[in-house]
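Laboratory data are not the source of any read-out in this text; all were calculated from the coordinates shown. Since the structure is predicted, the reported quantities are computational estimates derived from the model, not experimental observations. We place every Cβ from the backbone using ideal geometry, glycine too, and count neighbours over all the protein chains shown.
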């Protein structure tokens, strides 16, 4: 059974959409208890990060979200590589491609974890306590 790239991308995209919809907290996205006025009140300047660096800053939030997305994509590609390996039917070209996908997904996960650790360590070192 041969899987086309279009079907594989569709599966990866739908899986990514499902994971994102599960992991995004709805109370943070839809924090409007009192309708429009509740949304306006939720945008209180005291709740929005106003510093560029440091704990709970804009830079830290953006970097952590991007690194989470990289990690999630790596996990999805690891699953896709496993599926490709399973349905390769012994074809040496498909087995090699699936193994490469798995290897690159693991490398991506390692890089995402190391980048998260390095960014948070550097931000902790350059910001006052």
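Points to keep in mind about this one:
- Residues 103, 77 arranged by fewest to most Cβ contacts within 10 Å: 103, 77
- In range of the label at residue 121: residues from the stretch 78-107 whose backbone nitrogen is under 13 Å from the point 7 Å along Cα→Cβ: none
- Contour minus Cα-Cα distance for residue 3 and residue 58 (0.36 nm per residue): 15.7 nm
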